[in-house]
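Data block below; observations after.
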Amino acid sequence: MANKECWGTRVGLILAMAGNAVGLGNFLRFPAQAVQNGGGAFIIPYLTCFLLMGLPLLFVEWGIGRHGGKFGHHSTPFMFDAMGKKTFWKYIGVLGIFTNLGIAAYYCYLESWTLSWAWHSVVGDFMGKSQADVSAFFNSYIGLEMSEPVIFWLICLVLNTWILSRGLKGGVELAAKIGMPLLLIFGVVLAVRGITLGAGSNGAVYDGLLGLNFLWEPKFDSILDPVVWRNAAGQIFFTLSLGMGSIHCYASYLKAKDDIALNAMSAGWMNEFVEVVLGSAVIIPIAIGYLGIDKVVELTKGGSGFGIGFMTLPYLFAQWGPFFSAASGFMWFTLLFFAGITSSLAMGTPCMGFMEDNFGWGRRKAAWTFGLAILLLGIPIVLSQEAFNEFDYWVGTLALVVFAIAEIIMFAWAFGMEKGWAEITEGADIKVPAVFKYVIKYVTPVFLLVVFIGSIPEIWSNLTKPITSYVLIARLMLLAVFAGVALLVYFAKAKEKREEKI
């Protein structure tokens, strides 16, 4: 059964692509990374990484995706098989499904936190609580000292699966058209509130502008720190959803001569606007306005942003009175929810496309199978922070870099840069600067290899750490997922060969 789905409108495509990129990391991880890596000094390596690594990889992934779509492929194993012309490329392409399954398994759980916190904000559960009380509530929540986390997690799983089952136009695109504008509106409202926060207003100690000054006044001595550059590169991967296979899948539903250059630029820069402008203008001004720079630096240790986003902001919102506390909490956590669900929907689409293309499944069967897989993979994640961390590191961090190295080598060298450049520029609504042809072929691969080599000590540290039961379960599950997808690819290829002989 041929997969004949397509995007309804160009606006819907761009919003869905931007929604894929705009996630929890834009509003939680980026501000924390900026605070931990020298404030404004982080922006310089961050934007450099975007231009030399992020944007070139966007062009490559859009190019691979549209090229694969011409042959009816909507997942990376057979996109790579069509371009690489060697048997092993399709098994490297397995990473494009593996990463989506692994990341979605814990990402849906994170989404459920935002739904729960939005509810608690509306009913006023954070009013009258100290910061320590809010932190204790968060710790008891993720420690499963109540049934609520499981309930909200299941709600998120069902909602994701139901939207995916409605298809591209009626599900994913519609969700992006609703979620992304509301996300932007809520973000602007909260950013204006943060920037205009005045010292002495509602208990604030400093002006909200102190936070922006900290972000935009670089401490140039930290620019020479290689750790800052590594963290900037990691943030670009995290924020643009690179090395996952979801961009490839979305682009594969374009027509053969539809633009990808301007679309890639639009989605990429929209993500940067949301992250650098809105993401930094909410958390940083409000938190520093009340707590000061030193305290915020302490709260963001680890670089995840959960310490401020879930354990501190609800307490700070409560200083604004019952109505504004409820309204701000609802907007903040609903914003995070929209950021999360538009990303997790993108993770489900390549997995569904693979089953629809190669085994003739309908979208409903494919969607609910994906939902069941995420449910099973998510059980140890919900039960243990150790399992959560294993999935996040091996799939959500390391596998993305490995996949990106493989795809850019395949695109620029195995497929050939001349053909690759023709793919990027075909039907382009803008003139792509010719310098990107050489950046893609030479600079970006070297950049990625440096990032990977710099991560080797961390990889070794993770491999040699004590193995607890949940660490072992998580690793065995990830190995089983990769092996299972690779086996399905083998069966699909064998089925294709049999059909060619008939």
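The values are calculated or read from the model by the stated rules, or taken from the named source; none is laboratory data. Quick caveat: nothing in here was measured; it's all calculated off a predicted structure. Cβ atoms come from the backbone with ideal geometry, glycine included; neighbour counts cover every protein chain shown.
Quick look at the values:
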{"quantity": "Among residues of the range 315-330, those that are surrounded by fewer than 18 Cβ atoms within 10 Å (Cβ to Cβ), closer than 17 Å to G208 by Cβ and touching a residue at least 12 places away in the same chain (Cβ under 8 Å), counted", "calculated": "1"}
{"quantity": "Residues of the range 207-266 classified as within 19 Å of the chain's Cα centre (by Cα), of a type in the set (A, V, I, L, M, F, W, C) and part of a helix (DSSP H, G or I), total", "calculated": "11"}
{"quantity": "Looking only at the range 91-136, and only at residues there that are assigned to a helix (DSSP H, G or I) and among the β-branched types (V, I, T), the one that is surrounded by the fewest Cβ atoms within 10 Å (Cβ to Cβ)", "calculated": "V122"}
{"quantity": "Conditions (1) free of Cβ contacts under 8 Å to residues at least 12 places away in the same chain; (2) crowded, with 24+ Cβ neighbours inside 10 Å; (3) aromatic (F, W, Y); number of the one not met by F88", "calculated": "(2)"}
{"quantity": "Filter result for I151 (surrounded by fewer than 17 Cβ atoms within 10 Å (Cβ to Cβ), free of Cβ contacts under 8 Å to residues at least 24 places away in the same chain and either among the β-branched types (V, I, T) or over 15 Å from F317 (Cβ atoms) (or both))", "calculated": "yes"}
{"quantity": "Selection within the range 388-421 - touching a Lys or Arg at 6+ places or on another chain (Cβ under 7 Å) and either under 24 Å from A105 (Cα atoms) or of a type in the set (D, E, K, R) (or both)", "calculated": "E390"}
{"quantity": "F27 vs. criteria of a type in the set (F, W, Y), crowded, with 24+ Cβ neighbours inside 10 Å and closer than 26 Å to Y106 by Cα", "calculated": "yes"}
{"quantity": "From V277, V282, residue being within 15 Å of R29 (Cα to Cα), surrounded by fewer than 20 Cβ atoms within 10 Å (Cβ to Cβ) and either in contact (Cβ under 8 Å) with a residue 40 or more places away in the chain or touching a helix residue (DSSP H, G or I) at 6+ places or on another chain (Cβ under 8 Å) (or both)", "calculated": "V277"}
{"quantity": "Any chance V471 is surrounded by fewer than 19 Cβ atoms within 10 Å (Cβ to Cβ), β-branched (V, I, T) and at pLDDT 95 or above", "calculated": "yes"}
{"quantity": "The range 428-479, residues that are without any contact (Cβ under 8 Å) to a residue 24 or more places away in the chain, polar (S, T, N, Q) and within 23 Å of G234 (Cα to Cα)", "calculated": "S461, T464"}
{"quantity": "Members of the range 284-303 that are in a helix (DSSP H, G or I) and more than 25 Å from Y393 (Cβ to Cβ)", "calculated": "I284, P285, I286, A287, I288, G289, Y290, L291, I293, D294, K295, V296"}
{"quantity": "Residue count for the range 299-314, restricted to those that are hydroxyl-bearing (S, T, Y) and surrounded by fewer than 21 Cβ atoms within 10 Å (Cβ to Cβ)", "calculated": "1"}
{"quantity": "Residue within the range 362-378 that is farther than 23 Å from A434 by Cα, among the charged types (D, E, K, R) and surrounded by 19 or more Cβ atoms within 10 Å (Cβ to Cβ) present", "calculated": "yes"}
{"quantity": "Positions within the range 48-85 being surrounded by fewer than 22 Cβ atoms within 10 Å (Cβ to Cβ), under 21 Å from L449 (Cβ atoms) and either touching an Asp or Glu at 6+ places or on another chain (Cβ under 7 Å) or touching a residue at least 12 places away in the same chain (Cβ under 8 Å) (or both), in sequence order", "calculated": "T48, L52, G84"}
{"quantity": "Of all residues in the range 429-458 being farther than 30 Å from S266 by Cβ and of a type in the set (G, A, S), the one that is surrounded by the most Cβ atoms within 10 Å (Cβ to Cβ)", "calculated": "S455"}
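Residues checked against (1) over 21 Å from the mean Cα position of the chain (by Cα); (2) small (G, A, S); (3) loosely packed, with under 11 Cβ neighbours inside 10 Å:
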| residue | (1), (2), (3) |
| --- | --- |
| W460 | yes, no, yes |
| L463 | yes, no, yes |
| I467 | yes, no, no |
| A480 | yes, yes, no |
| A483 | yes, yes, no |
